[in-house]
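Below are the structure tokens for one structure; questions will follow.
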Amino acid sequence: MICIFDAHCDTLMTAREQGRTIWQESQEGHGDFPRMQAGRVACQILALCSSREKDSSPLNQVLIGIADLHRALEEHPGAFLIREAEDWQRLRQGKLGVLLALEGCDALEGRPEPLEVLFALGVRCLSLTWNLRNELADGVGDETGGGGLTRMGRQVVKKAIHLGMVLDVSHLSTRGFWDAMEMNEGVWVATHSNCRALMDHPRNLTDDQIKAIAARDGVVGINFYPPFLTTAPQATIYDVIRHILHVVELVGPEHVGLGSDFDGIDACPLGLEDVTKMPQLVESLGEAGLSQREISLILWENWLRVFQRVV
Ligand SMILES: [Zn+2]
């Protein structure tokens, strides 16, 4: 049976905002541990997002997210945190493996040192920015400034590589993206970004960017957010399939996966209303003409390959 590896959701942080917990099944939001398991998700990357607009500091927000995860892992023994190589062996034994990702480095507050602590707490994937500029780089929302990676940004990238983290270009400005590629070290992916050739949105990647990620054996995770998928008033699961097929045609089935963005998006495609609907993708990709082998790469193996290289 093909399992699902989803490279991005905001469920850990959103559950707290919605007054629910990630370990108890709820009708609210797009997912929780029981619903992930019902959706055959065997590995889920949980994003630690933070905002400078909130009451507490970005670092505090991230630490509270990690505390929530610790509580959740105690309450739900079916889930475990992947921190080191031997943890991979526990996957697919009916359990849910989770990885922690820091989305945007605002929590570092302009210093590289906190990254070591966040690594010790289990963070294994790092994106430098959210949409706005920070000390490390420009985000896509500040694209007009034309800024790429700063000196601090490069320093943090080197530290992340040294510690053993996968680097994520989603939300990074175009200039920042190419600065990152030119550094020519580290494992780079886009955990939740789509194809600019199909939908002209600044959060989506051009064909050249997708080729650059593939050339470094990275993976692009297709995002379910309707405005990144289509201009049509109602996105459907077939739009997700279209974006997957575009990457397959461009660079092969080894470089595309899922990055749902569940609980970080305010609308979902028809047919993918929450994480329990994930298995529908197995059927739809089959109907689109992909083999079981290719479907397994896209939904499971590609992300596993990339993360096992680093963790
Ligand atoms: Zn995001």
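The values are calculated or read from the model by the stated rules, or taken from the named source; none is laboratory data. Since the structure is predicted, the reported quantities are computational estimates derived from the model, not experimental observations. Here the Cβ is made from the backbone with ideal geometry for all residues, glycine too, and neighbour counts use every protein chain on show. Protein only, heavy atoms only, side chains kept; ligands, DNA and RNA dropped before computing areas. Shrake-Rupley method; radii C 1.70, N 1.55, O 1.52, S 1.80 Å.
Among Arg90, Arg35, Arg20, which is among the charged types (D, E, K, R) and surrounded by 21 or more Cβ atoms within 10 Å (Cβ to Cβ)?
Arg35
Hey, another quick one. Just the residues that are open to solvent by 10 Å² or more (accessible area, probe 1.4 Å) and either of a type in the set (Lys, Arg) or within 16 Å of the ligand (Cβ to nearest atom) (or both), please, taken from region 172-198.
Within region 172-198, Leu172, Arg175, Arg196 meet the criteria.
Taking Gln308, is it open to solvent by 30 Å² or more (accessible area, probe 1.4 Å), away from the ligand (no atom under 16 Å from the Cβ) and within 15 Å of Val41 (Cβ to Cβ)?
Criteria not met by Gln308.
Ok, one more. Out of all the residues in region 229-238, is one or more within 22 Å of Asp10 (Cβ to Cβ) and within 16 Å of the ligand (Cβ to nearest atom)?
There is at least one residue in region 229-238 that is within 22 Å of Asp10 (Cβ to Cβ) and within 16 Å of the ligand (Cβ to nearest atom).
Something else: Take Leu285 and tell me if it is open to solvent by less than 50 Å² (accessible area, probe 1.4 Å) and within 21 Å of Leu91 (Cα to Cα). Spell out the reasoning first.
On the way: open to solvent by less than 50 Å² (accessible area, probe 1.4 Å): yes; within 21 Å of Leu91 (Cα to Cα): no.
Considered against the rule, which asks whether it is open to solvent by less than 50 Å² (accessible area, probe 1.4 Å) and within 21 Å of Leu91 (Cα to Cα), Leu285 comes out as no.
Of everything in region 76-86, what is surrounded by 13 or more Cβ atoms within 10 Å (Cβ to Cβ) and of a type outside the set (Lys, Arg)? Give them in sequence order. Walk me through how you get there before you give the answer.
Narrowing region 76-86 to residues surrounded by 13 or more Cβ atoms within 10 Å (Cβ to Cβ): 76, 78-83.
His76, Gly78, Ala79, Phe80, Leu81, Ile82 - these are the residues of region 76-86 that are surrounded by 13 or more Cβ atoms within 10 Å (Cβ to Cβ) and of a type outside the set (Lys, Arg).
Ok, one more. Determine the pairs where a residue that is at positive phi, located within region 283-306, has a partner that is modelled with pLDDT of 95 or more and open to solvent by 10 Å² or more (accessible area, probe 1.4 Å) with Cβ atoms under 9 Å apart, the partner being 6 or more residues away or on another chain.
The qualifying pairs are Gly289/Leu245.
Which of the residues that make up region 38-57 are crowded, with 17+ Cβ neighbours inside 10 Å and either among the basic types (Lys, Arg) or at pLDDT below 95 (or both)?
Residues satisfying the conditions are Arg40, Cys49, Ser50.
Additional query: Does Asn131 satisfy being surrounded by fewer than 21 Cβ atoms within 10 Å (Cβ to Cβ), under 18 Å from the mean Cα position of the chain (by Cα) and within 16 Å of the ligand (Cβ to nearest atom)? Even if it seems obvious, please write down each step before you answer.
On the way: surrounded by fewer than 21 Cβ atoms within 10 Å (Cβ to Cβ): yes; under 18 Å from the mean Cα position of the chain (by Cα): yes; within 16 Å of the ligand (Cβ to nearest atom): yes.
The answer is yes for Asn131.
Could you pull out the residue among Gly153, Gly146 that is small (Gly, Ala, Ser), surrounded by fewer than 20 Cβ atoms within 10 Å (Cβ to Cβ) and more than 15 Å from the ligand (Cβ to nearest atom)?
Values: Gly153 fails: surrounded by fewer than 20 Cβ atoms within 10 Å (Cβ to Cβ).
Every option except Gly146 fails the conditions.
Would you kindly identify the strands (runs of 3 or more DSSP E) lying entirely within region 1-116 that contain at least 3 residues that are more than 16 Å from the ligand (Cβ to nearest atom) and within 30 Å of Arg293 (Cα to Cα)? Give the steps one after another, and end with the answer.
Working: elements: 4-9, 41-49, 79-81, 96-103.
Where strands (runs of 3 or more DSSP E) fall fully within region 1-116 and carry at least 3 residues being more than 16 Å from the ligand (Cβ to nearest atom) and within 30 Å of Arg293 (Cα to Cα), they are 41-49, 79-81, 96-103.
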